[in-house]
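Following: one structure in structure tokens, then a few remarks.
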Amino acid sequence: MILKINPGNKLIGEVSLPGDKSISIRFALFALLAQGESRAKNFLTSGITKTILKALSDIEIEWQLENDNLLVVGKGIDGIHAPRKPIYCGNSATALRLLAGVFAAAGIQAILDGSPSLRQRPMQRIIEPLQALGVEINLSKDGLLPIFLVARQPRKYLNSTDIRLEVASAQVKTCVLIASLACSGEVTIQEPSQSRDHSERMLKQMGVIINRINDDNYSSIRINPIGKTPLTPLVINIPGDFSAAAFFIVAGLITPESKILIRNVGLNPTRIGLLSALREMGAKISVINYNEQATEPFGDLLVFFSQLHGINISGNRVVQMIDEFPIIGIAAAYAKGITTVVEAEELRYKESDRISVLCKTLRELGVQVQEKRDGFTINGNGKLKGGITIDPEVDHRNAMAFAIAGLAAESPIEIKNPEIIDESFPDFLLTLKSLGADIVLCN
Ligand code: S3P
């Protein structure tokens with residue numbers, strides 16, 4: 001299929017979002033570690049989470065999904081069954097890296113695999129720390145999928161060893177956190193800067209002791225193992241996904257005369273680097289009905305069309321907006337002046353090489369772009385040519401970002417394989433249409 005975006009219509013109205021992807025994946029996998037029934041409202045139902053629910057069935061974990069309410073019946077870490085066949089994680093590195101932590105903690109044999117795209121993504125980053133904790137892992141190819149976790153003797157705990165991560169990554173940190181539950185003593189995890197902390201918040205709710213520790217050069221946390229103590233089941237209300245909101249925020253900012261209210265958005269401080277970056281670019285965005293009583297803060301966002309200008313993005317802010325680079329690239333193209341992104345090489349290891357795809361596509365759209373190993377420079381002049389067909393590769397966030405780019409372009413933009421959007425946001429096109437966008441799906 002091809003998605004065609006006809007520019008010109010202003011966007012007016014209200015948006016409600018799917019549940020946060022990171023929190024939904026964590027809920028499903030942490031719930032199976034607990035003893036008893038965990039319940040989540042506003043669970044994300046999409047390609048990625050369907051793959052995870054299938055994985056739960058593969059290890060005989062009972063679950064029920066009604067509308068967006070998910071019930072998972074956990075049997076505790078010691079009650080997890082070894083899968084009889086390889087667990088397939090589709091395109092989701094988060095699912096795979098977290099599941100590796102689950103099987104490591106349980107000490108059972110498992111094979112983890114994924115799509116051709118996931119098979120190209122680096123796994124050494126979980127293999128090394130898991131091996132340091134004493135997990136035996138076999139590989140068919142250096143640092144790539146599939147990976148084989150070898151069973152451990154019953155009642156043998158993993159080593160209590162401190163782990164220093166080379167890159168700030170919530171996926172790797174969470175893999176280590178889960179494995180650490182089965183260690184013989186506490187584990188300190190250091191990362192170069194603080195990645196999203198949903199796991200820490202959720203594990204604390206389940207009774208795990210995790211503390212931030214003072215460390216000048218690293219973002220460090222210490223986790224206590226749980227021994228034979230069962231984990232408390234979770235009852236949570238999953239906020240809307242900030243990374244899904246990001247597309248509508250930028251849509252409102254770049255499309256003249258737009259005004260969009262986005263309801264119930266997760267506003268965890270470790271996730272919202274895009275908000276501060278866009279405000280620095282001159283974006284008119286207000287947060288209303290802010291609520292920080294729940295485990296995860298949330299609120300509504302009101303966005304108005306704004307004249308944007310270029311900025312510099314680096315360091316910790318990169319980590320706090322790691323999923324938002326395809327879409328901030330679009331905002332930078334519509335801004336006036338130069339936007340520079342550095343220290344962002346991680347973008348090359350996502351569902352696609354996001355630096356390369358973004359730079360190539362913006363150039364085809366008539367924007368002056370300079371690509372670097374760890375980032376890019378975009379010289380925006382407030383407009384995009386349009387008139388091309390874009391291949392987002394196997395990357396849902398590229399597809400959504402380029403669809404948004406088309407809303408204010410000088411002529412229509414077409415996107416190949418828009419089905420990939422279902423990975424994280426099946427109602428994306430319907431929601432965009434409800435705001436007034438002129439978009440058409442054709443065969
Ligand atoms: C995620 C962490 C990020 C992000 C991914 C989801 C998570 O990856 O890009 O979409 O849920 O932990 P890294 O932490 O590896 O950068």
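The values are calculated or read from the model by the stated rules, or taken from the named source; none is laboratory data. Small disclaimer: the values here were computed from a predicted structure and weren't measured. Neighbour counts are summed over all protein chains in view; Cβ atoms, including those assigned to glycine, are modelled from backbone coordinates with ideal geometry. All accessible areas refer to the heavy atoms of the entire protein, side chains included, with ligands and DNA or RNA removed. Shrake-Rupley method; radii C 1.70, N 1.55, O 1.52, S 1.80 Å.
Using a Debye calculation, one point per C-alpha and no hydration shell, please list log10 I(q)/I(0) for the chain at q = 0.11, 0.12 Å⁻¹ in order.
Log10 I(q)/I(0), no solvent term: -0.83, -0.98.
If you take every DSSP beta bridge fully contained in the chain, what fraction is antiparallel? Give it as a percent rounded to 5.
On the way: 60 of 80 bridges.
That works out to approximately 75 percent antiparallel.
Along Cα→Cβ, 7 Å out, is where each label goes; now give me the distance between the ones at residue 372 and residue 284 in nm to one decimal.
Simple spin-label model gives 3.4 nm for this pair.
Please calculate how many Å² of accessible area segment 103-159 carries per residue, with a 1.4 Å probe and no DNA, RNA or ligand atoms counted.
That works out to 48 Å² for each residue.
Please list 309, 198 from largest to smallest accessible area, probe radius 1.4 Å, with all protein chains kept in place. Kindly include the intermediate steps, with their values, before the conclusion.
Working: 309 85, 198 5 Å².
Ranked from most to least accessible, the order is 309, 198.
For each pair in 336/385; 21/259; 360/383; 21/372, compute the distance between the two Cα atoms and list the pairs where it is over 21 Å. Could the numbers behind the result be given before it?
Values: 336/385 15 Å; 21/259 25 Å; 360/383 17 Å; 21/372 29 Å.
Correct reply: 21/259; 21/372.
What ranking, highest mean first, results for peptides 80-87, 327-334 when packing means the other Cβ atoms within 10 Å averaged over each residue?
On the way: 80-87: 15.4, 327-334: 28.4.
Per-residue Cβ counts within 10 Å, averaged per peptide and sorted highest first, yield 327-334, 80-87.
Can you classify segment 352-443 as rounded, prolate or oblate using the Cα gyration tensor, where a ≥ b ≥ c are the square roots of its eigenvalues, rounded means a/c under 1.5, and otherwise it's prolate if a/b beats b/c and oblate if not?
Values: a/c = 2.07, a/b = 1.37, b/c = 1.51.
Oblate, since a/c reaches 1.5 and b/c is not below a/b.
Can you list which of the trypsin sites (Lys or Arg not before Pro) found in segment 348-443 are DSSP loop residues with at most 15 other C-beta atoms within 10 Å?
Numbers: sites: 348, 350, 354, 360, 363, 372, 373, 383, 385, 397, 416, 433; in loops: 350, 373, 383, 385.
In loop regions of segment 348-443 (DSSP not H, G, I, E or B), the sparsely surrounded trypsin sites (Lys or Arg not before Pro) are 373, 385.
Name the lysines eligible as straight-distance cross-link partners of residue 204: C-alpha to C-alpha under 17 Å, and not fewer than 8 places from it in the same chain.
173, 228
Reachable lysines from residue 141, Cα under 22 Å, same-chain residues fewer than 8 places away excluded?
By straight Cα distance, residue 141 reaches 85, 350.
Calculate the spin-label point distance for residue 411 paired with residue 343, positioning each point 7 Å from the Cα along the beta-carbon direction, and give it in nanometres.
4.2
So which GluC sites (Glu not before Pro) in segment 16-98 are both in a DSSP loop and have at most 15 other Cβ atoms within 10 Å of their Cβ? Mind showing how you got there, number by number?
On the way: sites: 37, 60, 62, 66; in loops: 60.
Passing sites in segment 16-98 are 60.
Quickly work out the residue 57-to-residue 37 label distance, labels modelled 7 Å from Cα along the C-beta direction, and quote it in nm with one decimal.
The two pseudo-label positions are separated by 2.1 nm.
Roughly how big is segment 175-288's charge dipole about its Cα centre, with Cβ charges of +1 (Lys, Arg) and -1 (Asp, Glu), in debye to the nearest 20? Can you show the working numbers first?
Values: 11 positive and 9 negative charges, 73 e Å.
Result for segment 175-288 is approximately 340 debye, rounded to the nearest 20.
How would segment 21-223 be classified by its alpha-carbon gyration tensor: rounded, prolate or oblate, with rounded meaning a/c under 1.5 and the a/b versus b/c comparison settling the rest? Please list the in-between numbers first.
Numbers: a/c = 1.35, a/b = 1.18, b/c = 1.14.
Because its axes are fairly even, with a/c under 1.5, segment 21-223 counts as rounded.
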